[in-house]
Every structure is written in C-alpha cells, then in structure tokens.
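Remarks on the structure that follows.
The values are calculated or read from the model by the stated rules, or taken from the named source; none is laboratory data. Treat the numbers as computed from the prediction; the structure is a model and nothing was measured. Cβ coordinates were reconstructed from backbone atoms using ideal geometry, including for glycine residues, and neighbour counts include every protein chain displayed.
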C-alpha cells in the first residue's frame, strides 16, 4: 500500500497501559511500514514525575516500526491541549493521520482498516474514521463492513489534514447554536449527551478536544465511518483513564479475523436501524437527561437575560 498514514500515540503516566498499546500496534501487519510518533505529556506534579520518567524510558526502547519519533512536553499540558497541539504538529508534514491514546488495545488488522478507509473516502465526504465500535445490534441483512453515524470516536481514529484544519476549536457562535433547539437536536443525532458536553466545554468545566472536533463535523455535515466489528478495545475503562470511570458498558470483543476486502459503505449511506441503536447506546439515563435539561434551561435563561 502506498502512502501509509503516520501513527500518533499520546501517553502520560501509565507504563503498563502504554506498553500494551505499543505491543498490540507492533503486531499489526503494517507496523513495520508505518512511522510512529509518540507524544509524552509532562508531569503534573512531583508525585507523577517518576511515572512519566518510567514511561519515557520505555518509549526509547520501542522497535517494530519504520521509524519512531518521541516528542516530550517539558510541562503538563493536559490531554486536550496535547492532542490538539500534537496532531496539528504532525499535520505540518502529512495530510492524514492515525491517532491513539495510551490505553487502547488494537486488533492485528487495525492499521490495515484505517489506511484502507483513508484511501477509500475523501475529507469532503467523511469527517473521520473510527477504530472502536460500541456493542450495538447490526442487522443480519446489513451486508457492509462499515456504517456511518454523526459522532466521531476518540478511541483509535483517523482523519485528514483538511478536516482538522477547518475545525473551530474556539466554537465561535456557540450561543447562537445553543439557542436553536433544532440545531441542538441535529447535533445530538449521535447521542443526547453531545450538546451538554459542548456546553460544559465552553464553560471550562471539562477539557475535551473530541466534542469540539465533533462539532466541526456537525458544522460541515459530515459523518464518521465505523467498522461493524470493533478493532479497538479501551483498557482505560478500568478507571485509570482521563475522563473515564470504571465501566463495562464500553467493553467489546476485538475482531481478530482478517478481511481480505472490506465492504465499505457509501459515505451517503445511513442505516436508520444502526443509527437508532448507536444513538440509544450513547443516550444518557432519564435522571441524567433531566439534570441536563435543567442545566440547559439555566444557560438559556442567562442568554436571554443578557
């Protein structure tokens, strides 16, 4: 395959998770032909220093890739800032990219799928490519190996420079968007948690690059393509990850079977059964929905008062 996308892995202080992530990647068929860039964030405090130091010592031993480049932050930037800055830096030299964090176990054909998808679709028809797929029902009558939905994935993903560059990280015009109930409903086609998550981001209650990237997809009306069988498993659901509590909801079985020719669906093809199941998977509980409704009304009242 020509022009393989570089792989970018973001790490912090979890040595064993990082080791597993790299070991799984190295077992991928295309690993030895792929360039690997690893971004290591700086320690938050003195207690974290030795953990970060141990991770960086391991990073210097990595083999099994075409090349390995390590980028070390002198200070702690946090996950969102590190990812936005790191991906932007790689895009100074490349036009597409595959990204993982340090708690992801990948299937042996993950890199093959991601590169095939990047070559099959264009940034004008698809926003990003997902490696993880939640445990949702795929109808027996559905014959494609992929499906389209309106939600990006932060657990093993890929995209193009064109889409990254047109993402508005400041989310300009947020208040106008948030006042529009129909626009919020469209944004929530991938789950009713998205609008409130974006609100929390704008209020600095959370620091999420992903929800802002998803808002970019919404503004350009472009979907993310997912595999019907997950090629990524998140080890961070053990409670050790940033923004991730212990949960079995996101547990999946990795697809270990090689597919000689992936049946990619058309970028304009949406299956309402899969879309509905996907949205239900990410929808919040009734209690959380009520809490989020209240927070939404409070913010809207402030907007209209101002």
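For region 101-109, the condition of being on the phi > 0 side of the Ramachandran plot, under 14 Å from the mean Cα position of the chain (by Cα) and in contact (Cβ under 8 Å) with a residue 40 or more places away in the chain holds for none of the residues.
It is to be established whether one or more residues within region 28-37 are within 24 Å of residue 95 (Cβ to Cβ), surrounded by 16 or more Cβ atoms within 10 Å (Cβ to Cβ) and free of Cβ contacts under 8 Å to residues at least 40 places away in the same chain. Talk me through it step by step, then tell me what you get.
Filtering region 28-37 for residues within 24 Å of residue 95 (Cβ to Cβ) gives 28-37.
Within this subset, residues satisfying the condition of being surrounded by 16 or more Cβ atoms within 10 Å (Cβ to Cβ) are 28, 30-31, 34-37.
Checking which are free of Cβ contacts under 8 Å to residues at least 40 places away in the same chain leaves us with 35-36.
Within region 28-37, one or more residues are within 24 Å of residue 95 (Cβ to Cβ), surrounded by 16 or more Cβ atoms within 10 Å (Cβ to Cβ) and free of Cβ contacts under 8 Å to residues at least 40 places away in the same chain.
Taken over region 227-255, the residue count meeting the criterion of being modelled with pLDDT of 90 or more, surrounded by fewer than 16 Cβ atoms within 10 Å (Cβ to Cβ) and out of contact with any strand residue (DSSP E or B) (no Cβ under 9 Å at 6 or more places or on another chain) is 1.
Does residue 7 fit the bill of being touching a residue at least 12 places away in the same chain (Cβ under 8 Å), within 22 Å of the chain's Cα centre (by Cα) and surrounded by fewer than 16 Cβ atoms within 10 Å (Cβ to Cβ)? Outline the logic, then answer.
On the way: touching a residue at least 12 places away in the same chain (Cβ under 8 Å): yes; within 22 Å of the chain's Cα centre (by Cα): yes; surrounded by fewer than 16 Cβ atoms within 10 Å (Cβ to Cβ): no.
No: the conditions fail for residue 7.
If the condition is being touching a strand residue (DSSP E or B) at 6+ places or on another chain (Cβ under 7 Å) and in a helix (DSSP H, G or I), then region 263-302 contributes 274, 275, 278. Residue 65 meets the conditions (1) part of a helix (DSSP H, G or I); (2) crowded, with 18+ Cβ neighbours inside 10 Å in every case but one. The failed one is (1).
Answer with yes or no whether residue 213 is touching a helix residue (DSSP H, G or I) at 6+ places or on another chain (Cβ under 7 Å), buried (at least 21 other Cβ atoms within 10 Å of the Cβ) and either in contact (Cβ under 8 Å) with a residue 24 or more places away in the chain or under 15 Å from residue 282 (Cβ atoms) (or both). It is false that residue 213 is touching a helix residue (DSSP H, G or I) at 6+ places or on another chain (Cβ under 7 Å), buried (at least 21 other Cβ atoms within 10 Å of the Cβ) and either in contact (Cβ under 8 Å) with a residue 24 or more places away in the chain or under 15 Å from residue 282 (Cβ atoms) (or both).
Please go through region 217-235 and give me each residue that is over 22 Å from residue 271 (Cα atoms) and in contact with a helix residue (DSSP H, G or I) (Cβ under 7 Å, 6 or more places away or on another chain), ordered by number.
In the first step, residues of region 217-235 are kept if they are over 22 Å from residue 271 (Cα atoms); the result is 232-235.
Result: 232, 235.
Scanning region 134-158 for residues that are closer than 18 Å to residue 222 by Cα and either surrounded by fewer than 18 Cβ atoms within 10 Å (Cβ to Cβ) or over 10 Å from the mean Cα position of the chain (by Cα) (or both) yields 146, 147, 148, 149, 150.
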